[in-house]
Amino acid sequence: MAEDFVNLLADLKEQEVLSLAQKRIDSGEDPIKILDDSRAAMAIVGKRFADGEYFLPELVFSGELLKQISEMVKPHLKQAVETKKLAKIVIGTVAGDIHDIGLNIVDFMLDVNGFDVTNLGVDVPVEKFVEAVKKTNAPIVGLSGFLTPAFDAMKETVEALDKAGLRKDLKVMIGGGQMDDEVKKYAKADAYGKDAMAAVTLAKGWIGAK
Ligand code: B12
């Protein structure tokens with residue numbers, strides 16, 4: 001089923017992939033696995049876009065399909081984990097970037113794992129991150145980005161948090177499509193997380209929660 005699912009999503013076959021997603025959920029499959037397979041399909045969509053096989057309409061449609069699938073999966077994630085509020089976290093997609101599907105999955109996973117999440121949305125200017133950290137006293141910030149220009153936006157956001165005197169009591173994690181440890185170093189962040197579960201593990205580690 002997983003392979004069919006990945007191919008149907010990459011081929012943007014709406015009805016077929018949504019009914020297969022429902023079938024997988026009804027059969028009690030691990031919701032995380034369905035999200036991982038969606039990610040694999042997005043990598044294929046991204047490659048077809050880069051190769052000129054898909055164009056913006058396909059990219060937009062793939063995002064819509066992914067949103068529908070993550071909405072179907074989310075309630076089943078909720079059943080997996082019940083905890084009390086642990087700590088505050090400010091997250092957002094950095095300036096110039098409007099990709100938010102990954103960000104919203106991170107938001108959701110942090111929420112169901114007990115964190116009090118302030119999600120600033122997309123294309124977030126550096127000063128808005130500074131404001132939100134001052135307002136919430138959050139000890140953790142999560143920066144999301146999918147575009148190459150997001151590397152610099154992440155670096156500028158960390159610099160602005162530092163200039164505001166907030167950096168020393170703050171942990172900053174980054175993530176999204178092509179982010180990695182090199183970008184983490186470049187942006188002077190504390191950690192890179194490959195997916196939403198990594199975001200939860202990093203955050204729990206920093207506040208000493210199991
Ligand atoms: C869907 C999509 C879009 C949709 C986004 C819809 C939406 N609401 O988000 C739309 C159509 C809007 C779009 C627009 C564009 N896009 Co686009 N898009 C994609 C695509 C196909 C999928 C992205 C996605 O949502 N993936 C699925 C999610 C779930 O991603 P994920 O990586 O699994 O997310 C997980 C992790 O990354 C992690 N994570 C995410 N954030 C964070 C944060 C933290 C702190 C942590 C720890 C972890 C973490 O957790 C997530 C969940 O597990 C990618 C291709 C790809 N392979 O990624 C191209 C891609 C990112 N887009 C690309 C481009 C070029 C564009 C456009 C410039 C196209 C254009 N000419 O207009 C515009 C840019 C608009 C802008 N200013 O941002 C390029 C970027 C190339 C580059 N090097 O910069 C890509 C790579 C495609 C390609 N190969 O060319 N896009």
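Remarks
- Filter pass, Asp107 being modelled with pLDDT under 95, open to solvent by 10 Å² or more (accessible area, probe 1.4 Å) and within 16 Å of the chain's Cα centre (by Cα): yes
- Segments classed as helices (runs of 4 or more DSSP H), wholly inside region 10-83, with at least 3 members that are touching a Pro at 6+ places or on another chain (Cβ under 6 Å), touching a residue at least 12 places away in the same chain (Cβ under 8 Å) and more than 9 Å from the ligand (Cβ to nearest atom): 56-80
- Residues that are outside any strand (DSSP E or B) and buried (at least 19 other Cβ atoms within 10 Å of the Cβ), drawn from region 88-98: Ala95, Asp97
- All conditions but one from (1) at pLDDT below 90; (2) over 22 Å from Ala198 (Cβ atoms) apply to Arg48; the one that does not is (1).
- Single unsatisfied condition, Val133 versus (1) farther than 15 Å from Lys88 by Cβ; (2) crowded, with 19+ Cβ neighbours inside 10 Å; (3) in contact (Cβ under 8 Å) with a residue 40 or more places away in the chain: (1)
- Taken as a whole, the structure leaves Leu77 outside the set of residues that are open to solvent by 60 Å² or more (accessible area, probe 1.4 Å) and at pLDDT below 90.
The values are calculated or read from the model by the stated rules, or taken from the named source; none is laboratory data. The model shown is predicted, which means the values in this text are computed figures rather than measured ones. No Cβ is skipped: glycine too gets one built from the backbone with ideal geometry, and neighbour counts run over all protein chains shown. We work out accessible area using only protein heavy atoms, side chains counted, and drop any ligands, DNA or RNA first. Shrake-Rupley method; radii C 1.70, N 1.55, O 1.52, S 1.80 Å.
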